[in-house]
Amino acid sequence: MQDVDDPNLAKLPNFVALEFQEDFQHFLNAGLMDQQAIDALEHIWRHNNKRDRAVWARRQQESMQVAEEARQRETICQKQQEEEEAQILHKEDKKNKTKFTPILDMEVVAEPIILPSQAVLLKLQQYKFCKL
(Lines give C-alpha, C1' and ligand atoms only; values in the text may rest on other atoms or scores of the structure.)
Protein backbone atom coordinates (compact mmCIF):
# COMPACT_ATOMS: atom_id res chain seq x y z
CA MET A 1 0.00 0.00 0.00
CA GLN A 2 1.31 3.45 -0.88
CA ASP A 3 1.48 6.30 1.63
CA VAL A 4 -0.79 8.34 -0.63
CA ASP A 5 -3.73 5.95 -0.24
CA ASP A 6 -5.43 6.44 3.11
CA PRO A 7 -7.00 3.11 4.21
CA ASN A 8 -9.47 5.06 6.34
CA LEU A 9 -11.10 6.23 3.11
CA ALA A 10 -11.23 2.77 1.50
CA LYS A 11 -14.67 1.34 0.76
CA LEU A 12 -15.68 -2.28 0.88
CA PRO A 13 -15.42 -3.63 -2.67
CA ASN A 14 -18.00 -5.73 -4.46
CA PHE A 15 -16.61 -9.25 -4.21
CA VAL A 16 -18.98 -10.57 -6.87
CA ALA A 17 -17.28 -8.37 -9.50
CA LEU A 18 -14.99 -9.85 -12.14
CA GLU A 19 -11.77 -8.68 -10.46
CA PHE A 20 -12.54 -10.85 -7.39
CA GLN A 21 -14.02 -13.76 -9.33
CA GLU A 22 -10.97 -16.00 -8.80
CA ASP A 23 -11.01 -15.50 -5.00
CA PHE A 24 -14.78 -15.89 -4.92
CA GLN A 25 -14.56 -19.13 -6.93
CA HIS A 26 -11.85 -20.45 -4.57
CA PHE A 27 -14.26 -20.19 -1.63
CA LEU A 28 -17.09 -21.75 -3.65
CA ASN A 29 -14.84 -24.70 -4.54
CA ALA A 30 -14.03 -25.10 -0.85
CA GLY A 31 -17.70 -25.88 -0.24
CA LEU A 32 -19.04 -22.49 0.91
CA MET A 33 -22.29 -21.04 -0.32
CA ASP A 34 -22.34 -17.74 -2.23
CA GLN A 35 -23.22 -15.57 0.80
CA GLN A 36 -20.73 -17.40 3.01
CA ALA A 37 -17.96 -16.79 0.45
CA ILE A 38 -18.86 -13.10 0.26
CA ASP A 39 -18.90 -12.89 4.08
CA ALA A 40 -15.50 -14.59 4.28
CA LEU A 41 -14.01 -12.22 1.69
CA GLU A 42 -15.50 -9.21 3.51
CA HIS A 43 -14.09 -10.46 6.81
CA ILE A 44 -10.63 -10.88 5.27
CA TRP A 45 -10.86 -7.42 3.67
CA ARG A 46 -11.93 -5.79 6.96
CA HIS A 47 -9.12 -7.54 8.82
CA ASN A 48 -6.53 -6.37 6.26
CA ASN A 49 -8.00 -2.87 6.25
CA LYS A 50 -7.83 -2.72 10.05
CA ARG A 51 -4.15 -3.71 9.91
CA ASP A 52 -3.50 -1.17 7.15
CA ARG A 53 -5.19 1.55 9.22
CA ALA A 54 -2.93 0.77 12.18
CA VAL A 55 0.16 0.89 9.93
CA TRP A 56 -1.09 4.12 8.37
CA ALA A 57 -1.68 5.74 11.78
CA ARG A 58 1.78 4.68 12.98
CA ARG A 59 3.41 6.10 9.83
CA GLN A 60 1.50 9.35 10.16
CA GLN A 61 2.52 9.67 13.80
CA GLU A 62 6.16 8.92 12.96
CA SER A 63 6.18 11.48 10.17
CA MET A 64 4.65 14.08 12.51
CA GLN A 65 7.32 13.32 15.12
CA VAL A 66 10.08 13.62 12.51
CA ALA A 67 8.64 16.94 11.33
CA GLU A 68 8.39 18.22 14.91
CA GLU A 69 11.97 17.19 15.64
CA ALA A 70 13.12 18.94 12.47
CA ARG A 71 11.26 22.11 13.50
CA GLN A 72 12.85 21.98 16.94
CA ARG A 73 16.33 21.48 15.47
CA GLU A 74 15.78 24.38 13.09
CA THR A 75 14.56 26.59 15.95
CA ILE A 76 17.62 25.70 18.03
CA CYS A 77 19.95 26.39 15.09
CA GLN A 78 18.22 29.70 14.43
CA LYS A 79 18.55 30.74 18.09
CA GLN A 80 22.24 29.80 18.10
CA GLN A 81 22.82 31.80 14.95
CA GLU A 82 21.01 34.82 16.42
CA GLU A 83 23.10 34.56 19.58
CA GLU A 84 26.32 34.38 17.56
CA GLU A 85 25.28 37.41 15.53
CA ALA A 86 24.43 39.29 18.73
CA GLN A 87 27.84 38.43 20.19
CA ILE A 88 29.60 39.60 17.03
CA LEU A 89 27.62 42.85 17.05
CA HIS A 90 28.40 43.36 20.74
CA LYS A 91 32.13 42.92 20.03
CA GLU A 92 31.88 45.44 17.19
CA ASP A 93 30.10 47.85 19.54
CA LYS A 94 32.95 47.57 22.03
CA LYS A 95 35.59 48.15 19.36
CA ASN A 96 33.92 51.12 17.66
CA LYS A 97 31.86 52.91 20.27
CA THR A 98 31.60 56.13 18.29
CA LYS A 99 30.42 54.28 15.20
CA PHE A 100 27.46 52.79 17.04
CA THR A 101 26.51 55.80 19.16
CA PRO A 102 22.84 56.56 18.62
CA ILE A 103 21.95 59.86 16.97
CA LEU A 104 19.24 61.71 18.84
CA ASP A 105 16.22 62.86 16.90
CA MET A 106 16.47 66.62 17.51
CA GLU A 107 15.78 69.68 15.44
CA VAL A 108 18.73 71.56 13.99
CA VAL A 109 19.21 74.90 15.72
CA ALA A 110 19.08 77.86 13.37
CA GLU A 111 20.92 80.24 15.73
CA PRO A 112 24.50 79.60 16.76
CA ILE A 113 25.00 78.38 20.27
CA ILE A 114 27.27 80.67 22.24
CA LEU A 115 29.30 78.83 24.83
CA PRO A 116 31.29 80.80 27.38
CA SER A 117 34.98 80.08 27.65
CA GLN A 118 36.33 77.85 30.38
CA ALA A 119 38.02 80.81 32.14
CA VAL A 120 34.73 82.69 32.38
CA LEU A 121 32.94 79.63 33.73
CA LEU A 122 35.59 79.25 36.46
CA LYS A 123 35.22 82.91 37.47
CA LEU A 124 31.45 82.53 37.65
CA GLN A 125 31.76 79.43 39.78
CA GLN A 126 34.05 81.31 42.18
CA TYR A 127 31.62 84.26 42.26
CA LYS A 128 34.16 86.63 40.75
CA PHE A 129 33.39 89.55 38.48
CA CYS A 130 33.35 89.00 34.69
CA LYS A 131 33.16 91.61 31.94
CA LEU A 132 30.53 91.04 29.36
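The values are calculated or read from the model by the stated rules, or taken from the named source; none is laboratory data. Keep in mind it's a predicted model, so treat the numbers as computed, not measured. Glycine also receives a Cβ, built like all others from the backbone with ideal geometry; neighbour counts cover every protein chain displayed. All accessible areas refer to the heavy atoms of the entire protein, side chains included, with ligands and DNA or RNA removed. Shrake-Rupley method; radii C 1.70, N 1.55, O 1.52, S 1.80 Å.
Using a probe radius of 1.4 angstrom, the carbon and sulfur fraction of the accessible surface of region 1-107 is 53%. Distance between the pseudo-spin-label points of D52 and T101 (7 Å out from Cα toward the beta carbon): 7.5 nm.
Derived scalar couplings between HN and Hα for region 103-110 equal 9, 6, 8, 10, 6, 7, 7, 7 Hz in order, rounded to whole Hz, by the Karplus curve 6.51 cos²θ - 1.76 cosθ + 1.60 (θ = phi - 60°), x for Gly and Pro. Within the same chain, lysines fewer than 8 places from K79 are excluded, and of the rest, those with a Cα less than 20 Å from its Cα are K91.
Surface exposure of region 1-50, expressed per residue as accessible area with a 1.4 Å probe, stands at 79 Å².
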